[in-house]
Amino acid sequence: MHRRFLLPLFLLGLLASLAGCEETPTGRSQLALVPNSLMADMGKDAFNQLRNSQPINRDTQANQLVQCVAEKVVAGAEASYPGLAFPEHWDVVVFEDASPNAFALPGGRIGVHSGLLRVAETPAQLAAVIGHEVGHVLADHGNERLTQQLGIKAVLLVVGLLGEGEFGNQQLMQALGIGAQVGISLPFSRTHEEEADLMGLEIMARAGFDPQQSVTLWRNMATTGGSQPPEFLSTHPAHESRIRALQQGLEKATAIYRTATPTNCVS
C-alpha cells in the first residue's frame, strides 16, 4: 500500500477504536464521529439558507396545523426516548413547495412543504411524516452519513486537524438529507429510512396519533407521488415494502397508542 495512504488509515482506525461504535435508539450499531454541537450548527445554517431562499407559506390554518402536529410529535419523541438530549426549542416552518416532502435537521428544525398537506389528509398522516423525519435526527443519521461520505475528512475534523471550511456546502446539505438547491429532497440509505419509519411509528403513537394512519399516508403517496424506480435501484424502500414494514410494527405501536391521550389538531 502506498505510504501516503497509511497515515489517514491509521488515524481512522485509531479514532474508530477510541470512539467505538455507538448505538441508535433502536439498538443498531453506528459510527457517527462529528460532534453534536457542530451538527446542530450545520443544521441551523442549512435551515437559515432555506428560509432565506425558499418562499414561505403564510396560510394561517396550514401553519397552525403543522405547528400543532409538530409540537405533539416532539412531545411524543421526548416521551419515547427520554434518555436522549433534545433541543429546548424546535423551529417549524411551512415552505411553499408543491412536492410532498418534509425534513428535520439537527438542532431542532422542522420544515414541511405545502404540497405534503395535499397528500397527508389528516393530522395523523402528517404526524407520520414529521415523526419519521424527527426519527432521522434522533438516530443521528445525518452524522452517520456525513462520517461515511467524507471519510477521513470527517475523522480529521473530529481530531482538529482540518478546519470546518474544508467541507463543501453541498456535501453538508446532502448529509443532512436536503439538497443544496432549495426544494430538492435527498434520500437517506434504505437502512436509515426503515429505522426512521419504525421510530416514527412509535413516536406518533405516543403523541396520540393513530399509527394506522401511517399506512394510509403511504398508500396516498403511492397514488399521488408519481412513478418510483425499482426497489433495487433506489435507496428508498418501495411503497409496498414500506407499507409491509409499517404493518409489522403496528401491533406494538397500537398498544402504545391505546395508552396515550388522543391528540386533536384540527385540519
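Coordinate-derived values only; no laboratory data. None of these values were measured; they are calculated from a predicted model. Every residue, glycine as well, gets a Cβ built from its backbone with ideal geometry; the counts of neighbours run over all protein chains shown.
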> What FRET efficiency, computed as 1/(1 + (r/R0)^6) with R0 = 25 Å and r the Cβ-Cβ distance, is obtained for ASN36 and GLN149, rounded to the nearest 0.05?
Replying inline: 0.90
> For labels at THR191 and THR26 in the simple 7 Å Cα→Cβ model, what's the distance in nm?
Replying inline: 1.1 nm
> ALA62 to VAL266: extension gain in nm, 0.36 nm per residue of separation minus the Cα-Cα distance?
Replying inline: 72.4 nm
> When ranked by the protection proxy of mean other Cβ atoms within 10 Å per residue, highest first, what sequence do the peptides 43-53, 209-219 form?
Replying inline: 209-219, 43-53
>> Just to be sure I understand the model, the point goes 7 Å from the Cα along the line to the Cβ. What's the resulting ARG219 to THR254 distance in nm?
In response: 1.4 nm
